[in-house]
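Down below is the structure, laid out as structure tokens.
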Amino acid sequence: MSQAPALMANAIRALAMDAVQAANSGHPGAPMGMAECAVALWGGPLKHNPADPRWPDRDRFVLSNGHGSMLLYALLHLSGYALPISELQAFRKLHSKTPGHPEVDVTPGVETTTGPLGQGIANAVGMALAEKLLARDFNRPGHSVVDHHSYVFLGDGCMMEGVSHEVCALAGAWQLNKLVAVYDDNGISIDGQVAPWYVDDVDARFRAYGWNVLGPIDGHDAAAVRAALEQARQSATKPTLIRAKTVIGQGSPNRAGTAKAHGEALGEAEIALTREQLGWPHAPFVIPDEVYAAWDAKARGAAAQADWQQRFDAYAAAFPELAADFKRRVAGELPEDYARQVAELLKATHASAQTVATRKASQLALEAFTAALPELLGGSADLTGSNLTNTASTPALRFEQGQPNDGRHINYGVREFGMAAIMNGVALHGGFIPYGGTFLTFSDYSRNAIRMAALMKRRVVHVFTHDSIGLGEDGPTHQSVEHAASLRLIPNLDVWRPSDTAETAMAWAAAIARQDGPSALLLSRQNLPYVPKADLSLLARGAYVAAEPAEVGLNKRPKAVLIATGSELQWALHAQAELAKEKIPVRVVSMPSTSVFDRQDKDYKKELLPRKLPRIAIEAGSSEGWWKYGVDAVIGLDRFGESAPGGVLFKHFGFTTENVVAVVKAVLKKKKD
């Protein structure tokens, strides 16, 4: 290695071990072991501009082994991003820009939040997919405005996580030739040498997926890594895995190659020995000017972006409408007439008043939205015919000779976790609004990726059908009980469980318009009746009065409030009518989204749920979560279901008009007594 790359690599090692030592917390081993790989990429082909971290045609870099965050922070600082040395000194401190694991929108230049292993590579697959499809949508002969790579560093832990198998198989199937992964093959995990429990033939595995595999190469030879990167960039139809053999904690005399280098500070004595071995005499957090100069990417980045801007200006002159749509989509903005489109859809849905399953209602809404919004990119985990996520505007996505057709609906196969994590990557890249479907009970497979979308505040829409015992004969393995309550526990996730076509259309409208987080739509397999609406605008508030006593012929103030979601709204309305016959006035509130309702102002909440009125909640799922609304009773399901027709099961578990009436009477009697 020439002197400059050696100094550049050792600067990373020094910053990593110093920051981890200052925090007395962190992972120095991976940054020290991958330093030369980082020099090869960030000092070589990576196209980026430190002055504009959001430049649309930049290459994407993902640190999938996010515990090695100091590698990324060192790179961002050294190459000229707005990340001063004081932030590295504040590593893992409250409100610093250098949290324990990389977080998007916290640190300039960080593309995604990583830490849960395997999801970074999944995000990178999504980014590479988005690049390929955005290029299809906007590039024209002589005008290439979308042309960048997605690079990812990953380690043994990412390789072991099952989600990496799911997404890397899809990357091969999708011929994502601009995806390049550098595998930090150091043979060490927290428990020690991985050989006893990690016996995969990684090369054969990735070749079977349809990837190019380069190596093994010496991961401490920056020139060799650089050559492999250049070879990977020539691929026309395949993603590339570069297997780099490295030593974890490289440079540390007593910790290198051991599990002790992975997740703890080296200690002052070992750091001193490491400095001596590396020939790095500088004090902690001191970087010589010549090293900063070698790393500085500002001029090169500005030139690359200026070149792209010149080409984009020419593109805009030739294709002004395409250029305007590109800018809109990359900015995540909706068309100016989106609100009008939603209003017209709701009006038409209300007028038709169809009795259909809400999964079908979802497809009806999607027909309108996918026709109007080319950025909607759908899919299903091998349940398209059940989830009904496809539309006339979204043909199946296919690839041939490295190029996609005009498809906008993805067959993910039976890969729920992979689908969810890839959708996160698509959303992070920009230009598309991803949505994907599976059964609600399989949201458990997707859960950590859903949580990551919520944490990252990214617009991803999850379509979860077959939402309750109403699915019937498939039985308790497929019948969701705890899932609605469980999803509602995830901060920043909007959960919708609509009761009819209008509520479903509103759920979609809100999910698409929401720019600061994901949404989950919980939809029925069975048909549900349409409920007349007095004011369609109230649906956007998450809860509204579905029926007052006067609407069933009883002109009295309500004595109780029935709160229901989804398929159980019908039982609340039937019970209201029966109670009216006995001169018992009841208000019925439909609450399709507790998440959205919880954000409403206090006056609206008090108006909808008067404090002095007893409340009874009805939902064919866990009763947990309803008690916070001050309910006196919950007609719910706190056990697993059974295998039988849905109608039989609703009756068996007490979701009947008669039982709702009985519970209301019992609550009123108790209040009176």
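The values are calculated or read from the model by the stated rules, or taken from the named source; none is laboratory data. Remember, it's a predicted structure, so these values are computed and weren't measured experimentally. Note that each Cβ is placed from the backbone with ideal geometry, even for glycine, and that neighbours are counted across all protein chains shown. Please note that ligands, DNA and RNA were not included when accessible areas were found on the heavy atoms of the full protein model with its side chains. Shrake-Rupley method; radii C 1.70, N 1.55, O 1.52, S 1.80 Å.
Roughly how many percent of the accessible protein surface of the range 509-634 is carbon and sulfur, given a 1.4 Å probe and a whole-percent answer? About 49 percent, which is the carbon plus sulfur part of the accessible surface. Averaging the sequence gap over all C-alpha pairs within less than 8 Å and six or more residues apart, then dividing by the number of residues, gives the range 46-117 a relative contact order of 34 percent. Calculated on the alpha-carbon coordinates, the convex hull of the range 177-280 measures out at 107 cubic angstrom per residue.
Here is the size of the range 32-132 from its Cα atoms: Rg then Dmax, 12.9, 39 Å.
In this label model, N555 and K628 are separated by 4.0 nm, measuring between points 7 Å along each Cα→Cβ vector. Taking all protein chains into account, the per residue accessible area for the range 580-673 stands at 52 Å² (1.4 Å probe). Across the chain, the relative contact order, built from alpha-carbon pairs under 8 Å that are at least six residues apart, equals 12 percent.
If you wrap the chain in the convex hull of its Cα atoms and look at it from every side, the mean projected area works out to 31.6 nm². Among the protein heavy atoms of the range 25-91, carbon and sulfur supply 55% of the accessible surface, probe 1.4 Å, non-protein parts ignored. Label-to-label distance for K583 and A331 is 6.3 nm, based on points extended 7 Å past Cα in the beta-carbon direction. Taken about its Cα centre, the chain carries a charge dipole of roughly 2080 debye when the Cβ of each Lys and Arg holds +1 and the Cβ of each Asp and Glu holds -1.
Given their separation in residues at 0.36 nm each and the Cα-Cα distance between them, D218 and Q515 gain 102.6 nm when the chain is fully extended.
Distances between every pair of Cα atoms in the range 349-417, grouped in 5 Å steps from 0 to the bin holding the largest one, split as 4, 16, 23, 23, 18, 9, 5, 2, 1, 0 percent.
Here the range 459-564 is treated as a sphere whose radius is the Kirkwood value from Cα pairs; by Stokes-Einstein at 20 °C and 1.002 mPa s it diffuses with a coefficient of 138 µm²/s. Taking 0.36 nm per residue of separation and subtracting the Cα-Cα distance, full extension of the segment from D105 to E400 would add 102.6 nm.
Within the range 638-655, what residues put their amide N at less than 15 Å from the label point 7 Å along the Cα-to-Cβ vector of H574? Only 646-655 fall inside the zone, counting backbone N under 15 Å. Note that the range 112-216 carries a Kirkwood radius of 14.8 Å, evaluated over its alpha carbons pair by pair.
Based on Cα contacts under 8 Å between residues 6+ apart, the range 337-421 shows a relative contact order of 25 percent.
What residues from the range 328-352 fall in the zone where the backbone N is under 19 Å from a label point 7 Å along the Cα-to-C-beta line of R140? The answer is 328-330. Normalising by residue count, the range 546-667 has a Cα convex hull of 102 Å³ per residue. If R0 is 30 Å, the Cβ-Cβ spacing of D444 and A371 corresponds to a FRET efficiency of close to 0.35. Surface exposure of the range 1-96, expressed per residue as accessible area with a 1.4 Å probe, stands at 25 Å².
Taking 7 Å steps out from each Cα toward its Cβ at F285 and Q193 produces label points 3.9 nm apart. For the range 170-317, the per residue solvent-accessible surface stands at 46 Å², with DNA, RNA and ligands left out and a 1.4 Å probe. Hydrodynamic radius of the range 320-364 by the Kirkwood approach over all distinct alpha-carbon pairs: 12.8 Å.
DSSP assigns beta bridges within the chain; of those with both partners inside it, close to 15 percent run antiparallel. Principal axis analysis of the Cα atoms in the range 233-284 yields extents of 50, 25, 15 Å, listed in decreasing size. Straightening the chain between D147 and K606 buys 159.9 nm, computed as 0.36 nm per residue apart minus the Cα-Cα spacing.
In whole Å, how far is the Cα centre of the range 177-204 from that of the range 621-664? Comparing the Cα centres of the range 177-204 and the range 621-664, I get a distance of 49 Å.
Electrostatic bookkeeping for K651 treats Lys and Arg as +1 and Asp and Glu as -1; over the other residues with beta carbon under 12 Å from its beta carbon, the sum is -2. Here's the list of aspartates and glutamates a cross-link from K651 could span, going by alpha-carbon distance under 15 Å and ignoring same-chain residues fewer than 8 apart: E473, E568, E619, E642.
Among L455, L75, I618, which residue has its Cα positioned farthest towards the positive end of the charge dipole of the chain, with +1 placed on the Cβ of Lys and Arg, -1 on the Cβ of Asp and Glu, and the dipole taken about the Cα centre? Positive-end residue among those listed: I618.
Surface composition of the range 351-437: carbon plus sulfur atoms hold 47% of the accessible area, using a 1.4 angstrom probe and ignoring ligands, DNA and RNA.
Projected onto their three principal axes, the Cα atoms of the range 397-542 cover extents of 51, 37, 30 Å, largest first. Placing E268, E344 in order of accessible area, with the largest value first and a 1.4 Å probe, yields E268, E344. Other residues lying with their Cβ under 13 Å from the Cβ of G470 contribute a combined charge of -2, Lys and Arg counting +1, Asp and Glu -1. For the residue pairs K347/K665; K178/K245; K556/K606, the alpha carbons lie more than 25 Å apart in K347/K665. The range 259-370 has equivalent-ellipsoid semi-axes of 57, 29, 10 Å, by the square roots of 5 times the alpha carbon gyration tensor eigenvalues, sorted largest first. Calculated mean residue ellipticity, 222 nm, the chain: -12500 deg cm²/dmol, from DSSP H runs (n ≥ 4) at -39500 (n - 2.57) each, averaged per residue and rounded to 500. Around H282, what is the net charge, scoring Lys/Arg as +1 and Asp/Glu as -1 over all other residues with Cβ under 14 Å from its Cβ? Once all neighbours under 14 Å are counted, the net charge is -2.
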